[in-house]
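Chemist: Have a look at this one.
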């Protein structure tokens, strides 16, 4: 050993003073000496240099390494060795060793905070192992700095999971006690540290994933249950506990301890979708109407459990109604009209909107009954709930019941698997608009009356009673009182519906509104056709006001759309209107037509006054115009009566 040391010592002197290198030197040592001289390391420095270090930054590595350092020291204890942990830059973090050896190390400032990098101290096991990124043993005069040459050091770099050097473990002792097994022990200890780092990192990742899972599931709108193959609950999110009003700890318990009828096979991987269930919760006995999904969970093709999702049926239906357009779009601001009698009807509708009573809207086809129903819904406290419309006259009698009340699976041939909810269930919390209620059969009227009275529905073919909270707005173009007298409409149902009656006037009784409506439809249709708004001649509006409009507002809109589709003229006049508008008055030809029309109107007013014995109100009603319009026409034609 001494002879080997003498050889290395002689080589060190020749290199330091004469730049001579012996080929018998280890390549690692030889290259490190060259680097050390290049970096101008002082080989005769009396002690190491201490630099400030933030130990808190490395506390995790220190705490993890200390048990292994102590285990390693227990093997070399009493032999003058130190076990040292350094950071990635070669600064000492922790030293364990015999007191005498620690005292020796302190004399050369080989203490915590000292910088033992190759750039600072030249060739040494700590610094060199960092530069070459591999374990190394440096013996006696192989050290570049003289203050280290009475030592032998064995060091190995510590890597994180990404292969980056995060520290160095070093065992240092008297040079005469050098042994190749020392480096092997250091390498083994480093591998143990790296393994523990990996385990801790995986545990931290698992903890992070668990936190992410908890945050994700707790922020989902659905209630989530994760169960194992035996039906034991592994995880239940906060939303499930809130949904089912549970304040107890569910994890670790079996699913049947909490739910009386959650008939989900837990002993086989069954996939369930949109299973509707009235879930009974133990021990309260509370029943929750939910939609259930179950998704099997696999690991390496082996079934390990299932995820169960519970959604409130009402929220599911609200979402479906939103997607399917079962929402009221019209408000009172969208309804056009200034005729006094019509404004009175709007006021009645606004009063009805402030209540939760049933409404019966009467009026001819095309007068805007559904628009008024939507406006009432949107002004009511149910505005954020569904608005479901159904035409009682447009659905075959045999199907109307299933549409209104729903049906269970197998109720009839062609019944959808799983059954289907009816309009009453879909409208729960909102408004059900029953258009053409006068066309409903007497048998269906009986069922409707029962639902209105009991506020609950039973699906066709089923036995389960489903509570519903629905406001009814019905509409008809028939006189239901006359239908009651004929025996075609039940009197008790009529009284149930006729709580807030509103009769919409036909368009011929509110002719003052025709110009307003015409301009509105022209603007709307021009926008759709990408046309500029045209100039409207007085004779165009006059012709519209003279027509009877048996189809009311709907017919007016159709006539205007047809007119705009047929003409490219930027000016609208009476000649652009279709022939049916002139059933009474012939199509105008030049100025004579206007004079002829005025003469006819004057004679009509005089005739009406004569028939009504001068009663202006009756005469105006006979002509289908308002009193104010009648007065204006009398003034225009100089009629005194």
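The values are calculated or read from the model by the stated rules, or taken from the named source; none is laboratory data. Keep in mind that this is a model prediction, so the values were computed, not measured. Every residue, glycine among them, receives a Cβ derived from its backbone with ideal geometry; neighbour counts consider all protein chains shown.
Chemist: Looking only at residues that are part of a loop (DSSP other than H, G, I, E, B) and under 23 Å from residue 62 (Cα atoms) in segment 119-155, which one is nearest to the chain's Cα centre (by Cα)?
Modeler: Only one residue tops the list, namely 133.
Chemist: I want to confirm something. Restricting to segment 54-98 and keeping residues that are in a loop (DSSP other than H, G, I, E, B) and touching a strand residue (DSSP E or B) at 6+ places or on another chain (Cβ under 9 Å), which single residue is nearest to residue 109 (Cα to Cα)? Please lay out each step first, then the result.
Modeler: So the first thing to find is which residues in segment 54-98 are in a loop (DSSP other than H, G, I, E, B), and the list is 54, 77-81, 88-90, 98.
Imposing the further condition that a residue be touching a strand residue (DSSP E or B) at 6+ places or on another chain (Cβ under 9 Å) reduces the set to 77, 79-81, 88-90, 98.
Details: 77: 22, 79: 21, 80: 17, 81: 16, 88: 19, 89: 17, 90: 14, 98: 16 Å.
For segment 54-98, the residue satisfying everything is 90.
Chemist: So, one more: Could you tell me whether any residue of segment 218-226 is surrounded by 14 or more Cβ atoms within 10 Å (Cβ to Cβ), more than 18 Å from residue 58 (Cα to Cα), at pLDDT 85 or above and touching a helix residue (DSSP H, G or I) at 6+ places or on another chain (Cβ under 6 Å)?
Modeler: For segment 218-226, residues surrounded by 14 or more Cβ atoms within 10 Å (Cβ to Cβ), more than 18 Å from residue 58 (Cα to Cα), at pLDDT 85 or above and touching a helix residue (DSSP H, G or I) at 6+ places or on another chain (Cβ under 6 Å): absent.
Chemist: Same structure again: Examine segment 461-471 for a residue that is within 21 Å of residue 336 (Cα to Cα), surrounded by fewer than 20 Cβ atoms within 10 Å (Cβ to Cβ) and touching a strand residue (DSSP E or B) at 6+ places or on another chain (Cβ under 9 Å), and state whether such a residue exists.
Modeler: no
Chemist: Follow-up question, since we're still on this one. Could you please find all residues in segment 574-613 being at pLDDT 70 or above, surrounded by fewer than 11 Cβ atoms within 10 Å (Cβ to Cβ) and more than 60 Å from the chain's Cα centre (by Cα)?
Modeler: Within segment 574-613, 613 is the sole residue that qualifies.
Chemist: Check whether at least one residue in segment 2-24 is under 18 Å from residue 168 (Cα atoms) and surrounded by 12 or more Cβ atoms within 10 Å (Cβ to Cβ), and report yes or no.
Modeler: No, that holds for no residue.
Chemist: If you don't mind, another one. Could you say whether any residue in segment 156-163 is under 58 Å from the mean Cα position of the chain (by Cα), crowded, with 18+ Cβ neighbours inside 10 Å and closer than 15 Å to residue 72 by Cβ?
Modeler: So far as segment 156-163 goes, yes, one or more of its residues are under 58 Å from the mean Cα position of the chain (by Cα), crowded, with 18+ Cβ neighbours inside 10 Å and closer than 15 Å to residue 72 by Cβ.
Chemist: Going through 527, 557 one at a time, which residue ends up being surrounded by 15 or more Cβ atoms within 10 Å (Cβ to Cβ) and either outside the structural domain of residue 577 (by TED's automatic domain parsing) or closer than 22 Å to residue 574 by Cα (or both)?
Modeler: Result: 557 is the single residue among 527, 557 that is surrounded by 15 or more Cβ atoms within 10 Å (Cβ to Cβ) and either outside the structural domain of residue 577 (by TED's automatic domain parsing) or closer than 22 Å to residue 574 by Cα (or both).
Chemist: As an exercise: evaluate residue 255 against (1) loosely packed, with under 13 Cβ neighbours inside 10 Å; (2) touching a residue at least 24 places away in the same chain (Cβ under 8 Å) and give the number of the one condition it does not meet.
Modeler: (1)
Chemist: Further question on the same structure: For segment 258-364, list the strands (runs of 3 or more DSSP E) that sit wholly inside it and hold at least 1 residues that are modelled with pLDDT under 75 and surrounded by fewer than 16 Cβ atoms within 10 Å (Cβ to Cβ); which are they?
Modeler: Qualifying strands (runs of 3 or more DSSP E): 272-280.
Chemist: Of the conditions (1) touching a strand residue (DSSP E or B) at 6+ places or on another chain (Cβ under 7 Å); (2) surrounded by fewer than 22 Cβ atoms within 10 Å (Cβ to Cβ); (3) touching a residue at least 24 places away in the same chain (Cβ under 8 Å), residue 119 clears all except one; give me its number.
Modeler: Here residue 119 meets the rest and fails (1).
Chemist: A further question follows. Please go through segment 409-444 and give me each residue that is part of a loop (DSSP other than H, G, I, E, B) and at pLDDT below 85, ordered by number.
Modeler: 409, 410, 411, 412, 413, 414, 415, 416, 417, 418, 419, 421
Chemist: Restricting the search to segment 30-53, which residues are in contact with a strand residue (DSSP E or B) (Cβ under 7 Å, 6 or more places away or on another chain) and within 16 Å of residue 130 (Cβ to Cβ)?
Modeler: Hits for segment 30-53 are 48, 51, 53.
Here's the yes/no breakdown for (1) part of a helix (DSSP H, G or I); (2) within 23 Å of residue 281 (Cα to Cα):
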| residue | (1), (2) |
| --- | --- |
| 183 | yes, no |
| 198 | yes, no |
| 206 | yes, no |
| 227 | no, yes |
| 234 | no, yes |
| 239 | yes, yes |
| 250 | no, yes |
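Chemist: Here is a follow-up. Please determine, by comparing only the residues of segment 65-75 that are in contact with a helix residue (DSSP H, G or I) (Cβ under 8 Å, 6 or more places away or on another chain) and surrounded by fewer than 19 Cβ atoms within 10 Å (Cβ to Cβ), which one is farthest from residue 196 (Cα to Cα).
Modeler: Residue satisfying both the conditions and the ranking: 75.
Chemist: A further question on this structure: Please tell me if residue 452 is more than 24 Å from residue 279 (Cβ to Cβ) and without any contact (Cβ under 8 Å) to a residue 12 or more places away in the chain.
Modeler: Working: more than 24 Å from residue 279 (Cβ to Cβ): yes; without any contact (Cβ under 8 Å) to a residue 12 or more places away in the chain: no.
Considered against the rule, which asks whether it is more than 24 Å from residue 279 (Cβ to Cβ) and without any contact (Cβ under 8 Å) to a residue 12 or more places away in the chain, residue 452 comes out as no.
Chemist: Checking the structure you have, find out if any residue of segment 404-412 is assigned by TED's automatic domain parsing to the domain that holds residue 362 and closer than 21 Å to residue 376 by Cα.
Modeler: No: segment 404-412 contains no residue that is assigned by TED's automatic domain parsing to the domain that holds residue 362 and closer than 21 Å to residue 376 by Cα.
Chemist: Can you find even one residue in segment 39-49 that is in contact with a helix residue (DSSP H, G or I) (Cβ under 9 Å, 6 or more places away or on another chain) and free of Cβ contacts under 8 Å to residues at least 40 places away in the same chain?
Modeler: No, segment 39-49 has no match at all.
Chemist: Counting only residues that are within 25 Å of residue 619 (Cβ to Cβ), give me the helices (runs of 4 or more DSSP H) lying completely in segment 446-549 with at least 2 of them.
Modeler: Values: elements: 480-486, 491-497, 514-529, 538-546.
Where helices (runs of 4 or more DSSP H) fall fully within segment 446-549 and carry at least 2 residues being within 25 Å of residue 619 (Cβ to Cβ), they are 514-529, 538-546.
Chemist: Still on this model: Using the structure shown, decide if residue 124 is surrounded by 22 or more Cβ atoms within 10 Å (Cβ to Cβ) and free of Cβ contacts under 8 Å to residues at least 40 places away in the same chain.
Modeler: For residue 124, the condition - surrounded by 22 or more Cβ atoms within 10 Å (Cβ to Cβ) and free of Cβ contacts under 8 Å to residues at least 40 places away in the same chain - is met.
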